[in-house]
Amino acid sequence: MTGENAPFDFAAAKKVFSRIGFALIAFIAVSYAVVFALELLALYFLPEKALDGTLSTIISAIAMYGVGVPVFYLLIKKLEPQKGETGNAKFSTVAVLFCIAMCFMYAGSFVGDAVYTFVSEKFGIYIYEATLELISSIPWYVALITTVILAPIFEELVFRKLIISRTAVYGEKLAILFSAIMFAFFHMSIQQFFYAFLIGLALGYLYVRTSKLIYPIILHACVNLFGSVFPLLLMEYAGYEELISAETPEAMLEIAAANPVGYAVIMIYSIAVLALAFGGFALFFVYKKKLHFNPSPLQLPRDSEATVAFAGVGVILFILLTVILPVVLSVI
């Protein structure tokens, strides 16, 4: 039996989501432990490189993708995955979702920055945004490897394939929402939370409709290319950092006049980003009418979805960890 007449084992379903939460806790704990150990070794053997952004990025990548991801998989592999709808995504579909994701990224960034500013000024809590600081301190080619190649592959493997394939049995919408929320909290950043959540919804829907990891990987890579690598290139070669640091319009004009080619490139990038974001906003209202979700074998009643997915001990502890840990690291 399926759908609303099916007998539900709510306890078993909650255990599935809770186990995923515990597995994500282990992912973070093991990754931090490996980072700590490798940084101690770096401090001993390479003291002159110990605080280098590139070395820190390499260490983080080894810890998360080389150790954290396998540990996560080992802890959830007994959960039965389910293969959903299969198919190929049209180029136009991926392009539309890319525009929507760009809109999500900049809208989410705006909200995240506003919330971060409010929390900082209202409560005097200045949370150290480790990932953002690290990305801004590394060369563009290191960011290209980590944020455009490694992160999309491994993060989509974890949050789309491994999580959605094990939760979609309880409802495709719920699986997409759950994976997006876990993805957002996993970033452990107020400034990244909102756009990570919104983009996670687009990535999850693309995966659910195709069951092929390559499509969300490509979409994720394109978003990161525009969001992290291109700005680093502009800062390194086009004088973008100087331009945005100018205190007056007159100073900006002087900087632009001294580097007209760089200024032109910055303007082209800015116009392209705005066009993608506003285009994505318009496309969202058109594309959302085409969204469809197939019934799942153990489709949960709507009024029980939140309790089953988010009230398990593992999920609650994971959320608490990702909220508290950045605050603790900020005051250490």
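The values are calculated or read from the model by the stated rules, or taken from the named source; none is laboratory data. In this text the structure is predicted, and so the values were computed from the model without any measurement. For neighbour counting, all protein chains shown are included, and Cβ atoms are generated from backbone atoms with ideal geometry for every residue, glycine included. Please note that ligands, DNA and RNA were not included when accessible areas were found on the heavy atoms of the full protein model with its side chains. Shrake-Rupley method; radii C 1.70, N 1.55, O 1.52, S 1.80 Å.
Take region 249-270 and flag every residue that is open to solvent by 50 Å² or more (accessible area, probe 1.4 Å) and within 13 Å of Leu234 (Cβ to Cβ). Break it down into steps so the answer makes sense when it comes.
The initial filter retains those residues of region 249-270 that are open to solvent by 50 Å² or more (accessible area, probe 1.4 Å), namely 249-250, 252-254, 257-261, 263, 265, 267-268.
Matches in region 249-270: Asn259, Val261, Tyr263, Val265, Met267, Ile268.
Is it the case that region 258-271 has a residue that's polar (S, T, N, Q), at pLDDT below 95 and closer than 24 Å to Ile20 by Cβ? Please lay out each step first, then the result.
Here is the first cut: in region 258-271, the ones polar (S, T, N, Q) are 259, 270.
Checking which are at pLDDT below 95 leaves us with 259, 270.
Next, from what is left, pick out any that are closer than 24 Å to Ile20 by Cβ: none.
No, that holds for no residue.
Going by what's in this entry, would Asn294 be described as under 26 Å from the mean Cα position of the chain (by Cα) and in a helix (DSSP H, G or I)?
Working: under 26 Å from the mean Cα position of the chain (by Cα): yes; in a helix (DSSP H, G or I): no.
So Asn294 fails the test.
Taking Gln192 as meeting all but one of (1) modelled with pLDDT under 95; (2) open to solvent by 20 Å² or more (accessible area, probe 1.4 Å); (3) not small (Gly, Ala, Ser), write down the number of the exception.
For Gln192, the exception is condition (2).
Could you identify the single residue in Val265, Val286 that is part of a helix (DSSP H, G or I) and within 20 Å of Arg209 (Cβ to Cβ)? Outline the logic, then answer.
On the way: Val265 fails: within 20 Å of Arg209 (Cβ to Cβ).
Checking each option against the conditions leaves just Val286.
Across region 238-248, which residue is most open to solvent (accessible area, probe 1.4 Å) among those that are over 27 Å from the mean Cα position of the chain (by Cα) and of a type outside the set (A, V, I, L, M)?
That would be Glu247.
Does Val34 satisfy the condition of being touching a Gly at 6+ places or on another chain (Cβ under 8 Å), buried (at least 17 other Cβ atoms within 10 Å of the Cβ) and among the aliphatic types (A, V, I, L, M)? Quick ask: steps written out before the conclusion?
Details: touching a Gly at 6+ places or on another chain (Cβ under 8 Å): yes; buried (at least 17 other Cβ atoms within 10 Å of the Cβ): yes; among the aliphatic types (A, V, I, L, M): yes.
When the stated conditions are applied, Val34 passes them.
Any residue that is more than 23 Å from Ala114 (Cα to Cα), open to solvent by 30 Å² or more (accessible area, probe 1.4 Å), out of contact with any Lys or Arg (no Cβ under 6 Å at 6 or more places or on another chain) and at pLDDT below 90 - is there at least one of those in region 207-218?
No - not one qualifying residue is present in region 207-218.
Tell me which of these Glu133 doesn't satisfy, since it passes every other one: (1) part of a helix (DSSP H, G or I); (2) crowded, with 20+ Cβ neighbours inside 10 Å.
Looking at each condition in turn, Glu133 falls short on (2).
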